[in-house]
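Participant: First the structure, then my questions, so here it is.
Rule-based calculations on the coordinates, nothing more; no lab input. Remember, predicted model here, so these are calculated numbers, not experimental data. Every residue, glycine among them, receives a Cβ derived from its backbone with ideal geometry; neighbour counts consider all protein chains shown.
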Amino acid sequence: MSILVAGATGTVGQHVTELLLQRGISVRALTRNPERAKGRLPEGVKIAAGDLMKPETLDEALQGIEAMFLITSSDEPDADLNTDPQVIALAKAAGVKRVVVLVGYEEGPVEEALRASGMQWTLIKPAEFMANVLADWRQTIREEGFVREFYGQALSARIHEGDIAAVASEALLEDGHHEQSYSLTGPEALTRREAVLAIAAAIGKDIAFIELTEDEAKQQWRDQGYDEASVEFFVQMAKNPPEAGYTVLPTVEQVLGRPARSLAEWAAEHKQAFLT
Ligand SMILES: NC(=O)c1ccc[n+]([C@@H]2O[C@H](COP(=O)([O-])OP(=O)(O)OC[C@H]3O[C@@H](n4cnc5c(N)ncnc54)[C@H](OP(=O)(O)O)[C@@H]3O)[C@@H](O)[C@H]2O)c1
């Protein structure tokens, strides 16, 4: 069986790729940059050049593929992959039978396309990734022993990206997940302060939580290069997070038969990233 993994060089896709390889599946990784991808993908993965924003580049990548893992937004700013309905149509025409799609909280055109496609499909809707902690907090934890954050009481049921990938792999390989929309969270909703405490305990290092005012937080994000729309989004996500972002759900355990991993477990796995 051959599975095409979009985002295979990214946070979730790397885990999907590893889990499929462990189960003896032939993995084809879709990437915009095959040269760069070579160094990031495990042995045995076949690399297929293609760009989801340019569906005409995908013909070769889709040949001989039974199932596909798809993402719906790019890591480029404001580049939602609204070409996904075209990608679904191309996949169907190429004979792909099953699609598992990583989506955001809100339904979009890809969901409609899947429902109309007659293919087997599963939607994966994760809460905030635990891995975001690396981008947001790692540097100051490592270099200065603190986290500077806005709105310390903001709640999030962060999920381990390996758990997102495990659910996606299950849906790619096993029956019984067709026409399911899986909202996924970690096992607990923690405030930002609590999350920092959990990381500190897991890595064995004191980490101070410095609470920023709204103006200080906005300036910090601007200094990091974010545009005003992103800055406003971050403020709203802190002050009025969507309920789905902090409401703990049992879905991971229901699908995998084991509990979702905690932030403490995630931090212990990534201990070295915060210490060296
Ligand atoms: N971070 C969160 O808290 C969160 C929460 C919910 C949902 N999500 C969504 O989860 C998805 C996956 O995120 P991630 O963190 O695993 O990815 P990531 O680490 O940001 O990496 C992006 C991946 O997408 C691929 N990609 C981007 N644009 C592409 C394009 N036009 N054509 C083909 N491939 C493209 C990249 O491949 P190449 O660079 O090799 O081409 C890379 O593998 C994203 O859509 C994100 O919006 C994130």
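Participant: Give the percent of DSSP beta bridges with both residues in the chain that are antiparallel, rounded to the nearest 5.
Facilitator: Taking every DSSP beta bridge within the chain, about 10 percent pair in antiparallel fashion.
Participant: Could you sort the peptides 192-205, 249-262 by per-residue average Cβ neighbour count (10 Å cutoff), highest mean leading?
Facilitator: 192-205, 249-262
Participant: If each of ALA89 and GLU214 carries a label point 7 Å out from its Cα toward its Cβ, how far apart are those two points in nm?
Facilitator: 4.4
Participant: Right, another one. ³J(HN,Hα) across region 225-230 via Karplus (A = 6.51, B = -1.76, C = 1.60, θ = phi - 60°), whole Hz, x for Gly/Pro?
Facilitator: Here the 3J(HN,Hα) series is x, 6, 7, 4, 5, 5 Hz.
Participant: Figure the gain on full extension for GLU253 and ASP227 (residue separation times 0.36 nm, minus the Cα-Cα span) and round it to one decimal in nm.
Facilitator: 5.6 nm
Participant: Also: Amide H neighbours of ALA29 under 5 Å, counting only residues 5+ apart in sequence or on other chains, H built in-plane at 1.01 Å?
Facilitator: Under 5 Å from the amide H of ALA29 lie the amide H atoms of VAL5, LYS46, ILE47, ALA48, each far enough along the sequence or on another chain.
Participant: Going by the alpha-carbon gyration tensor, a ≥ b ≥ c the square roots of its eigenvalues, is the chain rounded (a/c under 1.5) or, if a/c is not under 1.5, prolate (a/b greater than b/c) versus oblate?
Facilitator: The shape class here is prolate.
Participant: Just report the Cα centroid separation between region 230-249 and region 1-48, whole Å.
Facilitator: Region 230-249 and region 1-48 have Cα centres spaced 31 Å from each other.
Participant: Compute the distance in nm between two label points, each set 7 Å from the Cα along the Cα-to-Cβ direction, one at ASN33 and one at THR57.
Facilitator: Going by the 7 Å Cα→Cβ label model, 1.2 nm.
Participant: Separate question: For ASP206 and LEU134, compute 0.36 nm times the residue count separating them, minus their Cα-Cα distance, and round to one decimal in nm.
Facilitator: Going from the current span to full extension adds 24.2 nm.
Participant: Then there's this: Evaluate the distance, in nm, between pseudo-label points positioned 7 Å from the Cα of GLN153 and of GLN272 along their respective Cα→Cβ axes.
Facilitator: About 4.0 nm, to one decimal.
Participant: Taking Cα atoms, how many degrees apart are the long axis of helix 132-144 and the longest axis of the chain, rounded to 10 and kept between 0 and 90?
Facilitator: 40
Participant: Beyond 17 Å, what share of the Cα-Cα pairs of region 186-276 is found? Please give it as a whole percent.
Facilitator: Above the 17 Å cut-off, region 186-276 has 64 percent of its Cα pairs.
Participant: Going by alpha carbons, how many degrees (0 to 90, nearest 10) lie between the helix axis of 11-22 and the longest principal axis of the chain?
Facilitator: 50
Participant: Moving to a separate point now. Please state the shape class of region 2-126: rounded when a/c is under 1.5, otherwise prolate if a/b exceeds b/c and oblate if not, all from the C-alpha gyration tensor.
Facilitator: The shape class here is rounded.
Participant: Which angle between 0 and 90 degrees, to the nearest 10, do you get for helix 214-223 versus the longest principal axis of the chain when only C-alpha atoms count?
Facilitator: The answer is roughly 60 degrees.
Participant: Between PHE146 and residues 5 or more places away or on another chain, which pairs have amide H atoms under 5 Å apart, with H built 1.01 Å from N, and which residues are they?
Facilitator: Counting only residues 5 or more places away or on other chains, the set is ILE141, ALA208.
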